[in-house]
There are 4 protein chains.
Amino acid sequence: MRMMSWCAPSIIFLFGVASVLPAQDKPRARNLGVPFDGTPGPWNAITDVRGVEVGDSTLISGDSVRTGVTAILPRGKRNNDAVFAGWFSQNGDGEMTGTTWIEESGFLDGPIMITNTHSVGVVRDAVIAWQVKTGRKPKTNTYGESFWSLPVVAETYDGRLNDVNGFHVKPQHVFEALEGAQSGRAPEGSVGGGTGMVCYGFKGGIGTASRVVGSYTVAALVQCNCGARQQLLVTGAPVGREIPESTPRAGDPALDRADLGSIIIVVATDAPLLPHQLKRLARRATMGLARTGSTSGNGSGDIFIAFSTANPDAANAAGTVDLKMLPNNQISGLFSATVEATEEAIINALLAAETMTGADDLKVTALPHDRLREVLRKYNRLNP
Amino acid sequence: MRMMSWCAPSIIFLFGVASVLPAQDKPRARNLGVPFDGTPGPWNAITDVRGVEVGDSTLISGDSVRTGVTAILPRGKRNNDAVFAGWFSQNGDGEMTGTTWIEESGFLDGPIMITNTHSVGVVRDAVIAWQVKTGRKPKTNTYGESFWSLPVVAETYDGRLNDVNGFHVKPQHVFEALEGAQSGRAPEGSVGGGTGMVCYGFKGGIGTASRVVGSYTVAALVQCNCGARQQLLVTGAPVGREIPESTPRAGDPALDRADLGSIIIVVATDAPLLPHQLKRLARRATMGLARTGSTSGNGSGDIFIAFSTANPDAANAAGTVDLKMLPNNQISGLFSATVEATEEAIINALLAAETMTGADDLKVTALPHDRLREVLRKYNRLNP
Amino acid sequence: MRMMSWCAPSIIFLFGVASVLPAQDKPRARNLGVPFDGTPGPWNAITDVRGVEVGDSTLISGDSVRTGVTAILPRGKRNNDAVFAGWFSQNGDGEMTGTTWIEESGFLDGPIMITNTHSVGVVRDAVIAWQVKTGRKPKTNTYGESFWSLPVVAETYDGRLNDVNGFHVKPQHVFEALEGAQSGRAPEGSVGGGTGMVCYGFKGGIGTASRVVGSYTVAALVQCNCGARQQLLVTGAPVGREIPESTPRAGDPALDRADLGSIIIVVATDAPLLPHQLKRLARRATMGLARTGSTSGNGSGDIFIAFSTANPDAANAAGTVDLKMLPNNQISGLFSATVEATEEAIINALLAAETMTGADDLKVTALPHDRLREVLRKYNRLNP
Amino acid sequence: MRMMSWCAPSIIFLFGVASVLPAQDKPRARNLGVPFDGTPGPWNAITDVRGVEVGDSTLISGDSVRTGVTAILPRGKRNNDAVFAGWFSQNGDGEMTGTTWIEESGFLDGPIMITNTHSVGVVRDAVIAWQVKTGRKPKTNTYGESFWSLPVVAETYDGRLNDVNGFHVKPQHVFEALEGAQSGRAPEGSVGGGTGMVCYGFKGGIGTASRVVGSYTVAALVQCNCGARQQLLVTGAPVGREIPESTPRAGDPALDRADLGSIIIVVATDAPLLPHQLKRLARRATMGLARTGSTSGNGSGDIFIAFSTANPDAANAAGTVDLKMLPNNQISGLFSATVEATEEAIINALLAAETMTGADDLKVTALPHDRLREVLRKYNRLNP
């Protein structure tokens, strides 16, 4: 098995050798002229929220291993301070472990991991093993020498392109995604947990985008595996219907349904929001998803989480804790930013992914950039 | 005070004298060529779900009374059988009474009423008085001679056009809306609870639409009071930005905010869905709302309810009850229908309402039909 | 109709003329030797949380008017600053208006009112009228000159002793309860909203208790109308079974069911808890209720709300807000205090209420103090 | 490592050779004269609900391996038909995977597994491997040849007696628990997932009990690891305070806190309840827990699930499904039965467990039967 990790190439990328990262050379949606609203941050990525690091372990091997793990570390891999968080399930045919403690405590205490549906368990326990090994005990559940950990691991199903019942994700891939996490540019497309994903009948995967709202940043990272071709909208234009060709279903009748597939959406902000306010952000991810055409079909695991990197040390246990809160009546701009960043992150995922052939010789085509531009032009929705 | 009820004119309409209903003469969105997806029912209204009746009491009087009450009776005004129901709050700066019992019991037991924010109480108690007077005891909470009632009353805020603190809605208006409820064509625009509403900076109010999905119907009725002008999208086209004129804010700086205003969405179906499935439908209303541009601002009461008229007598108390259930894996079409009907209902509301001047001489302009068509044409989104 | 308000007598009481308050002369549970855990505050009442005021309007008139209104003002009647709050429905056959905004915003913005089931509406709108009249606009929903209000009004059903469909509660009673609210001793038993209530087959009503936990206070106020005689437990002793006499059901077969009746529980604290933490407190009220024997029958509206008077000015809208938070790992003592205060408040309600005859000549007997002591002694549960 | 499975001994037990099951020889609470309410089924166990099978894999080895896995199969190990289910988190410092799909679909589709906190992942993925291997595809998520699985795995923390970070639970133990599952007597005490648990300062673990309500059965199975010694109540008597000796904290100061520890409660019934009704049952588990003294401390994962074995084939996907529903107004007896069975199951767990010495030489003492009887006698709560 060939195991690809983006950490090494990404480091290289930082030195400018972009040519080793062909997938990353593809223009992103904004560069193609898709007329999104709002102002993105410098990376137009979740890493625009200071401190956030993203790492991937990508498994592509033989005919049918097409999977991986993505790690999002709210305060980076060297800082295990917890962050305030909230979550929401728009359609729960999926898994995100650790949510009962988020709901109860208001804290996300550790990384967010995204992988395939049948590897959630191995990733979960491997996160604990990593915490044991590195001493990064959860702050909210450490008592003296003891601690328990309730990792957050989410998934979408890559069983169309990947041998999902081969259980190819191993603890080492989890460690790799965690240890390779970095700030700066975040890989998109068929990487990490997004490796084997299909979205709106095109090749899907990981995508990200950000928005600057006054002095705050809001960003989204998605692992998208949702929707049927004919549903796809791009800034309102019916792109899916206009590009009916190459829908990857002929050889896969069992899955030729519009309502299968899922999306995990991670929303990050540096605005000082409390847990109940972050739940409000998570609920807005639905609206960004809706703008791309999905109606959250029955077989969809559309589960969203939002966290804030503000209020460091909020999980400290001594005395009372001093916090900042953004008042509710200043929050609406962050809502819109969440919707916009989610919408753009999904389109970015589609545009970054490359055509892939996987299990059972299924070939899933990438959204062709030129055709997208044609359609947007037809609907007067292409920026000059 | 002049009090307008649509019951009489509506009856007349059924005999074809449409000219007495000027507001109803206005073409609806579909007739204007807005390219919605899906197939509507005969009335393209919530009343396409057999049994559903809608009644309005409209209060327009003097300079500043612009309010009313809308009643939706799931099985009509002569049938107090309960229906399965579920609800969802996308943003809770609003009120929908009676929801704890819906959540607990799975039943909606009585009508759904919609009015202004400060009249929820009078409407609620008047529903009980009507139930006492007419003997329509709630089936789920009647024990021998005694019963208690937990009416469902929702609201949006009409304090811009209406003297909301004058408390003009009285029990008689509630009785009128209930007793005047009927099947067939459902009035839209500035009627009933929607009388004084503003939506995307245009005159808002009541709107409705329906979809036929196989042998089932799904329909939505909205009381829309949400959104800012620049947010409005119509089938993806940026209509709000293209029609910036006459935004009704100059004289009302306190309310010149994009994030105020609310929407109540009622989803009806005859598909045999259980309460937890109806909650799924309610959650899809968010996606229809999102398609029209809203991001559910902080000051928005975006509260949704869905019910099914299938399974009559499910609230009977003797022995066990026989039910039908549509399997989850056949539900996705109803999800899409909910999204589509919600989207169309909102646009229908905007197109039915007439320009209104109300409290403090505030004038709110109706969405001009010709301008809408121009913009849709510009974005290649106008049906021939 | 004779309308009784406790405000005047309560003032007198503060000067020591306790004899004008016969109901209040009855010893409370703790004075009778019931062996509760924990340390109560000075009043052993919700008013031990500094700032909290309670007011009642009690309607007792003729043969069948036995109802009223109770107002709990978190920061007193002259201070309309909002408080952080959370709520929980253990069994939702009841009403508490205003909860969607509490859930969304994290704030309780105004008083908590408790009345009978069929008067929730009049109380709700009258709270708004009071806010209009006195200028106490909700801080979370005021924009310039405009505001909207989403009052919190809860209920239990007094239709056994009261002519509940006579709609005897009027706005003036609401104003009276609000304006008469005070700190210090809080009336218990058949007062305010609790006037016509029946609890465990004895006369029920309003009860309260408090606990001191370190530097914080936690307190509960209940309006109890729940449970069947045979269920009643007092500090673990099967008091209900041991006192089977005078169960008030013979003349009321329709209501001779163990599973009807409700309880509203209001939990107050001065500990700096965030909204999601207050929801945790609200959820503990179930455990205090369980200790008194209830199993939350189907026909029960067991709805709980918790608020914190810490963090004044948290609802301010300018800039960011500075807050204090008690860490989760110091919260468990407050959980136990909530359970204990709830349990004691229920028993206090039973012991304060006097035997009452009401509608249809139904007579509901008060829990006899001497018999209670006998039973506790039998089970070795009586303090010396 | 010595690995103990109860499947073989349990089979022997069915032939009467009880002497090989020393732990099972211990009298259960009811046999000791604890005066519980209600009528249990033949086994006084979750297996009284026809079809339910329970299996355990118990790992006791060396000085510090004290852990295991418990499997509850709603329709037995040979039947993968899904069951209606609902869940509730009273305090979410714990994990129960698979709950978003239960909430969304209304179905529990596969077994419920309980293990230690840090082995949830391995158990989860091993359940999928077992489903792959045995062809027991989830009915709700199978499309043609493909399926995805969202196993339900819950946990409590055994890190006091067990080397929890040694990750000793392996897939083979999961298979063993599943394949060894049976009807009839269900092992209690230090078995399966309950092996290393501590409850109210005594040795805890697995316990079960049932109630017959008319023609239906309601039963509970708990994995109890919650509470502090001084909190323990047994049918109202303050047993914990009366037996202060041997509280296992001296050598473990970091965990000497009343508010740590957790309880998983599984409620089963054959009554035809819909998903929203089963959630109501799950919520009553809190009340049974409360009767044993817990106040659900901050560090507690008190997560409950309820399922109904009625309505076989409800997860079929063709056409509409015929269902039976027990009306809400007949459900209250099931609520009380849930409370009672939960309470008794916890006490059964305490009485079945044997004193255990584990990691770091910690010795946790079993609740002494004779001392319990003494205390109950003192409080007049011992059946003759």
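The values are calculated or read from the model by the stated rules, or taken from the named source; none is laboratory data. Keep in mind that this is a model prediction, so the values were computed, not measured. No Cβ is skipped: glycine too gets one built from the backbone with ideal geometry, and neighbour counts run over all protein chains shown.
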Checklist entry - Does B:Ile60 meet the test of being in a strand (DSSP E or B) and closer than 24 Å to B:Phe335 by Cβ? => result no
Checklist entry - Is it true that C:Phe88 is more than 8 Å from chain B (Cβ to nearest Cβ), of a type in the set (Phe, Trp, Tyr) and either free of Cβ contacts under 8 Å to residues at least 12 places away in the same chain or more than 18 Å from C:Ala345 (Cβ to Cβ) (or both)? => result no
Checklist entry - Does A:Thr295 fit the bill of being touching a Leu at 6+ places or on another chain (Cβ under 8 Å), over 23 Å from A:Val54 (Cβ atoms) and within 7 Å of another protein chain (Cβ to nearest Cβ)? => result no
Checklist entry - Here are some residues: D:Val191, D:Val218, D:Val212, D:Val222. Which one is of a type outside the set (D, E, K, R), touching a Leu at 6+ places or on another chain (Cβ under 6 Å) and at pLDDT 95 or above? => result D:Val218
Checklist entry - Does region B:128-135 contain any residue that is surrounded by fewer than 24 Cβ atoms within 10 Å (Cβ to Cβ), touching a residue at least 12 places away in the same chain (Cβ under 8 Å) and assigned to a strand (DSSP E or B)? => result no
Item to check | Among (1) buried (at least 21 other Cβ atoms within 10 Å of the Cβ); (2) over 30 Å from D:Gln330 (Cα atoms) - the single one B:Phe175 does not satisfy | outcome: (1)
Next on the checklist: Can you tell me how many residues within region D:27-65 are in contact (Cβ under 8 Å) with a residue 24 or more places away in the chain and more than 30 Å from D:Thr357 (Cβ to Cβ)?
Outcome noted: 15
Checklist entry - Could you give every pair whose Cβ atoms fall below 8 Å, whose first residue belongs to region C:319-335 and is more than 20 Å from C:Ala220 (Cα to Cα), and whose second residue is among the β-branched types (Val, Ile, Thr) and assigned to a strand (DSSP E or B), counting only separations of at least 6 or pairs across chains? => result C:Lys324/A:Val321; C:Met325/A:Val321; C:Pro327/A:Val321
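Here's the yes/no breakdown for (1) at pLDDT below 95; (2) at negative phi; (3) crowded, with 24+ Cβ neighbours inside 10 Å:
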{"residue": "D:Ser61", "(1), (2), (3)": "no, yes, no"}
{"residue": "D:Ser64", "(1), (2), (3)": "no, yes, no"}
{"residue": "D:Thr67", "(1), (2), (3)": "no, yes, yes"}
{"residue": "D:Gly76", "(1), (2), (3)": "no, no, no"}
{"residue": "D:Asn80", "(1), (2), (3)": "yes, yes, no"}
{"residue": "D:Thr97", "(1), (2), (3)": "no, yes, yes"}
Checklist outcome for this item: Those residues of region D:337-364 which are more than 18 Å from D:Val191 (Cα to Cα), of a type in the set (Gly, Ala, Ser) and either more than 14 Å from every other protein chain (Cβ to nearest Cβ) or in contact with a helix residue (DSSP H, G or I) (Cβ under 8 Å, 6 or more places away or on another chain) (or both) amount to D:Ala341
Checklist entry - Given D:Leu367, D:Leu289, which one is in contact with a helix residue (DSSP H, G or I) (Cβ under 7 Å, 6 or more places away or on another chain) and farther than 27 Å from A:Thr142 by Cβ? => result D:Leu367
Checklist entry - So which residues in region D:182-240 are aliphatic (A, V, I, L, M), over 27 Å from D:Leu334 (Cβ atoms) and not in a loop (DSSP other than H, G, I, E, B), if there are any at all? => result D:Val198, D:Val239
Next on the checklist: Just to confirm my filter: which strands (runs of 3 or more DSSP E) fall fully inside region A:248-363 and include at least 1 residues that are within 25 Å of A:Thr115 (Cβ to Cβ) and either among the small types (Gly, Ala, Ser) or over 19 Å from the mean Cα position of the chain (by Cα) (or both)?
Outcome noted: A:263-269, A:301-308
Checklist entry - Picking from A:Thr39, A:Thr115, which residue would you name as being away from chain D (no Cβ under 14 Å) and either part of a strand (DSSP E or B) or β-branched (Val, Ile, Thr) (or both)? => result A:Thr39
Checklist entry - Just a yes or no: is a residue in region C:143-157 in a helix (DSSP H, G or I) and either more than 9 Å from chain B (Cβ to nearest Cβ) or under 16 Å from B:Asp125 (Cα atoms) (or both)? => result no
Checklist entry - Can you pull out the residues in region D:228-254 that are at pLDDT below 85 and of a type in the set (Asp, Glu)? => result D:Asp252
Item to check | Pick from region A:158-172, criterion surrounded by fewer than 24 Cβ atoms within 10 Å (Cβ to Cβ) and outside any loop (DSSP other than H, G, I, E, B), ranking: nearest to the other protein chains (Cβ to nearest Cβ) | outcome: A:Asn165
Checklist entry - Restricting region A:307-336 to residues that are more than 14 Å from chain B (Cβ to nearest Cβ) and among the hydroxyl-bearing types (Ser, Thr, Tyr), which is farthest from C:Phe84 (Cα to Cα)? => result A:Thr309
Checklist entry - Of (1) over 24 Å from B:Phe147 (Cβ atoms); (2) β-branched (Val, Ile, Thr); (3) within 11 Å of another protein chain (Cβ to nearest Cβ), C:Thr208 satisfies all except one. Which? => result (3)
Checklist entry - Of all residues in region B:310-327, how many are touching a strand residue (DSSP E or B) at 6+ places or on another chain (Cβ under 8 Å) and of a type in the set (S, T, N, Q)? => result 2
Checklist entry - Does B:Lys203 satisfy the criteria of being in contact (Cβ under 8 Å) with a residue 40 or more places away in the chain and within 16 Å of B:Ala349 (Cβ to Cβ)? => result yes
Item to check | Selection count where residues are more than 18 Å from the chain's Cα centre (by Cα) and among the hydrophobic types (A, V, I, L, M, F, W, C), scope region C:65-101 | outcome: 4
Item to check | Output for region B:63-84, where each listed residue is part of a strand (DSSP E or B) and polar (S, T, N, Q) | outcome: B:Thr67, B:Thr70
Item to check | Cβ-Cβ under 6 Å pairs, at least 6 apart or on other chains, region D:270-282 side facing chain B (nearest Cβ under 7 Å), far side part of a loop (DSSP other than H, G, I, E, B) | outcome: D:Pro272/B:Thr320; D:Pro272/D:Ala310; D:Pro272/D:Asn311; D:Pro272/D:Leu326; D:Leu274/B:Leu274; D:Pro275/D:Gly106; D:His276/B:Gly106
Checklist entry - Applying the selection to region B:141-183, what residues are over 17 Å from C:His118 (Cα atoms), more than 20 Å from the chain's Cα centre (by Cα) and of a type in the set (Phe, Trp, Tyr)? => result B:Phe167
Item to check | Residue count for region B:173-205, restricted to those that are in contact with a Gly (Cβ under 8 Å, 6 or more places away or on another chain), of a type in the set (A, V, I, L, M) and within 14 Å of another protein chain (Cβ to nearest Cβ) | outcome: 2
